[in-house]
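Visitor: The structure under discussion is supplied below as structure tokens; questions concerning it will follow.
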Amino acid sequence: MSNFDLPDFPVSRLRRLRKNVALRDMFRETSLRKADLIYPLFVVEGENVKKEISSMPEQFQLSIDNVVRECGELETLGIISVLLFGIPLKKDEVGSGAYADDGVIQRAVREIKKNFPEMLVITDVCLCEYTSHGHCGVVEDGYVQNDATLELLAKESVSHAQSGADIIAPSDMMDGRVAAIRKALDRSGFAETPIMAYSAKFSSAFYGPFREAAESAPQFGDRKTYQMDFGNSDEAMREIALDIQEGADIVMVKPALSYLDLIRRAKDTFNVPVAAYNVSGEYSMVKAAAANGWLDSEKVMMEILTSIKRAGADVIITYFTKEAARYLKTNK
Ligand code: PBG
């Protein structure tokens, strides 16, 4: 008898249920659904802008008119959710564009909700795309200041909610930001707006292509004083526990592929909704290899996305969203 108290070979033959497509489909344990996928969009100022990101084939910086068009396409594909990143025309020390009522995200959200009220609009809350120094918070004496940043993140969150955002997603990694945002949202009449917290967000070289897309590379130093060290798993659980205590409705592990163990550990430990971010570098690697004819992009994509779900993620933020939706339309 095996460990599981089941009969051994030759009574047990696991290949019996792999014999044909019907059996394999019927007993597949993890399947991807279109509703599991969140599509990130980079919103820029201007009109009719559609600029491909060189390190991320098929991903674009889009002006608001094209973002609305894109949402129409997503709806046709059966995709229900987008995550918005804003790239303002002007950056300053305190990231004013992040919480301006006429900011690029605020206007984009209003336009999307006007045209596609059913689309679930999630907004990334951070300062790095809006600050001249490219850091995720207020910088004093060359150091990112935690508590001074909280106020700005709370302001940004309320401004997004006022524009119609359905979910607020803080990605800055300041301590106490979920509590600060929750309090500000509640006081402003948004007690029912959920927070999806980038809880265990690692300082990762896999964000390289994103920083080209969002024009958000730090102008000095790195993000290691606020984003996590990639060797740490217990600390990731502490980050997640704190965010849940502070009021996060969904917690996130980011990146996904090198952190599948943490997705599983988070799900098993907390049993709350878990999101995983299949980040830019994870997308670019597959696309670069596929462009060389070294692997099959579509097959690798499905294997990757299914593995993230199998690890325990309820939802996946991924640049593969449209490709996966097309695949799911024609395949089981
Ligand atoms: C902003 C932010 C980043 C990503 C999401 N939000 C970049 C960073 O922290 O430097 C990365 C997403 C990706 O690589 O796809 N703080």
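Visitor: Report the Cα centroid-to-centroid distance between segment 243-276 and segment 132-191 in angstrom, as an integer.
Guide: If we compute the Cα centre of each part, the gap is 20 Å.
Visitor: Residues with beta-carbon under 12 Å from that of residue 175, excluding residue 175: net charge, scoring Lys, Arg +1 and Asp, Glu -1? Before the final figure, lay out the partial values.
Guide: Working: positive: 177, 238; negative: 147, 172, 239, 243, 246.
Taking every Cβ under 12 Å from that of residue 175, the sum is -3.
Visitor: A follow-up question, please. With θ set to phi - 60° and the Karplus curve 6.51 cos²θ - 1.76 cosθ + 1.60, what are the ³J(HN,Hα) couplings of segment 250-261 in order, to the nearest whole Hz, using x for Gly and Pro?
Guide: Once θ is set to phi - 60°, the couplings for segment 250-261 become 9, 10, 10, 10, 8, x, 9, 5, 7, 10, 4, 4 Hz.
Visitor: Non-local amide H neighbours of residue 228 (under 5 Å, H modeled in plane, Pro and chain starts lacking H): which ones?
Guide: 201, 202, 203
Visitor: Who wins for biggest fluctuation among 125, 67, 300 in a Gaussian network model of the chain, springs between alpha carbons below 10 Å?
Guide: 300
Visitor: Carbon and sulfur atoms: what percent of the 1.4 Å accessible area of segment 30-330 do they account for?
Guide: Details: 6190 of 12320 Å².
Ligands and nucleic acids excluded, carbon and sulfur give 50 percent.
Visitor: Leaving out ligands and nucleic acids, note down the accessible area per residue over the chain with a 1.4 angstrom probe, in whole Å². Provide the component values of the computation, followed by the final result.
Guide: Working: 15740 Å² over 332 residues.
Per-residue value: 47 Å².
Visitor: Putting +1 on Lys and Arg Cβ atoms and -1 on Asp and Glu Cβ atoms, find which of 217, 142, 76 reaches farthest to the positive end of the dipole of the chain.
Guide: 76
Visitor: Quote the charge dipole size of segment 88-175 about the Cα centre in Debye, to the nearest 20; the model charges only the Cβ of Lys and Arg (+1) and of Asp and Glu (-1).
Guide: Values: 7 positive and 16 negative charges, 101 e Å.
My answer is approximately 480 debye.
Visitor: Where both partners of a DSSP beta bridge lie in the chain, what percent of those bridges are antiparallel, to the nearest 5? Intermediate values should be presented prior to the final figure.
Guide: Values: 7 of 40 bridges.
Approximately 20 percent, going by the DSSP bridge assignments.
Visitor: Right, next: So which chymotrypsin sites (Phe, Trp or Tyr not before Pro) in segment 1-106 pass both tests, a DSSP loop state and at most 14 other Cβ atoms within 10 Å of the Cβ? The partial results should precede the final answer.
Guide: Values: sites: 4, 27, 42, 60, 85, 99; in loops: 4, 27, 99.
Within segment 1-106, the qualifying chymotrypsin sites (Phe, Trp or Tyr not before Pro) (loop, at most 14 other Cβ atoms within 10 Å) are 4, 27.
Visitor: Let me ask something else about it. Using the charge dipole of the chain (Lys, Arg: +1 at Cβ; Asp, Glu: -1 at Cβ; taken about the Cα centre), state which of 119, 27, 88 has its Cα farthest towards the positive end.
Guide: Checking the options against the dipole of the chain, the answer is 27.
Visitor: Another question, then. Based on DSSP H runs of at least 4 residues, each adding -39500 (n - 2.57), what is the mean residue ellipticity at 222 nm of the chain after dividing by all its residues, to the nearest 500 deg cm²/dmol? Could you put the intermediate results ahead of the total?
Guide: Values: 11 runs with 129 residues, N = 332.
Computed ellipticity for the chain at 222 nm equals -12000 deg cm²/dmol.
Visitor: Moving on to the next point. Do you know the relative contact order of the chain, to the nearest whole percent, from alpha carbon pairs under 8 angstrom that are 6+ apart? If you can, show how the numbers build up before the last one.
Guide: On the way: 631 pairs, mean separation 57.3, N = 332.
Over the chain, the number comes to 17 percent.
Visitor: Which of the trypsin sites (Lys or Arg not before Pro) found in segment 183-279 are loop residues per DSSP with 14 or fewer other Cβ atoms within 10 Å of their Cβ?
Guide: Values: sites: 183, 187, 201, 211, 223, 224, 238, 264, 265, 267; in loops: 223, 224.
In loop regions of segment 183-279 (DSSP not H, G, I, E or B), the sparsely surrounded trypsin sites (Lys or Arg not before Pro) are 224.
Visitor: Toward the positive end of the charge dipole of the chain, about the Cα centre and with charges on Cβ (Lys, Arg +1; Asp, Glu -1), which of 200, 328, 262 goes farthest?
Guide: Going by the charge dipole, the pick is 328.
Visitor: Largest first, what is the accessible-area ranking of 260, 83, 120 with a 1.4 Å probe?
Guide: On the way: 260 45, 83 0, 120 65 Å².
Result of the area sort, largest leading: 120, 260, 83.
Visitor: Please state, as a whole number in µm²/s, the translational diffusion coefficient that the Stokes-Einstein equation yields for segment 30-330 at 4 °C and 1.567 mPa s, with Rh defined as the Kirkwood radius across alpha carbon pairs.
Guide: Details: Rh = 19.1 Å.
D, rounded to a whole number, is 68 µm²/s.
Visitor: Cα axis of helix 146-163 to longest principal axis of the chain: angle in degrees, 0 to 90, nearest 10?
Guide: Approximately 80 degrees, to the nearest ten.
Visitor: Oh, and also: Count neighbours as other Cβ atoms within 10 Å of each site's Cβ, and list the trypsin sites (Lys or Arg not before Pro) in segment 86-141 that are DSSP loop with at most 10 such neighbours. Write out the running numbers ahead of the final one.
Guide: On the way: sites: 90, 91, 107, 110, 113, 114; in loops: 90, 91.
Sparse-neighbourhood loop trypsin sites (Lys or Arg not before Pro): 90.
Visitor: By accessible area of protein heavy atoms, probe 1.4 Å, what ranking do 252, 285, 302 get, highest first? Working shown, then result.
Guide: Numbers: 252 0, 285 105, 302 25 Å².
In descending accessible area the options line up as 285, 302, 252.
Visitor: Size of the dipole of the chain about the Cα centre, Lys and Arg at +1 and Asp and Glu at -1 on the beta carbon, nothing else charged, in debye to 20?
Guide: Here the chain has a charge dipole of around 1640 debye.
Visitor: Taking 8 Å as the Cα distance limit and 6 or more residues as the minimum spacing, I'd like the relative contact order of segment 131-272 as a percentage.
Guide: Values: 186 pairs, mean separation 36.4, N = 142.
In percent, rounded to a whole number, it is 26.
Visitor: In addition: Apply the Karplus parameterisation 6.51 cos²θ - 1.76 cosθ + 1.60, with θ equal to phi minus 60°, to every residue of segment 124-131 and state each ³J(HN,Hα) to the nearest whole Hz, in sequence, with x for glycine and proline.
Guide: 6, 10, 6, 10, 4, 6, 10, 9
Visitor: A further question follows. Of 201/329; 114/267; 113/322; 287/309; 50/287, which pairs sit farther than 26 Å apart, going by alpha carbon to alpha carbon? Numbers along the way, then the final one.
Guide: Values: 201/329 32 Å; 114/267 36 Å; 113/322 20 Å; 287/309 21 Å; 50/287 20 Å.
Exceeds cut-off: 201/329; 114/267.
The values are calculated or read from the model by the stated rules, or taken from the named source; none is laboratory data. Everything quoted here is computed from the prediction, not taken from an experiment. Don't worry about glycine lacking a Cβ; one is built from the backbone with ideal geometry, like all the others, and counts go over all protein chains shown. With ligands, DNA and RNA removed, areas are computed over all heavy atoms of the protein, side chains included. Shrake-Rupley method; radii C 1.70, N 1.55, O 1.52, S 1.80 Å.
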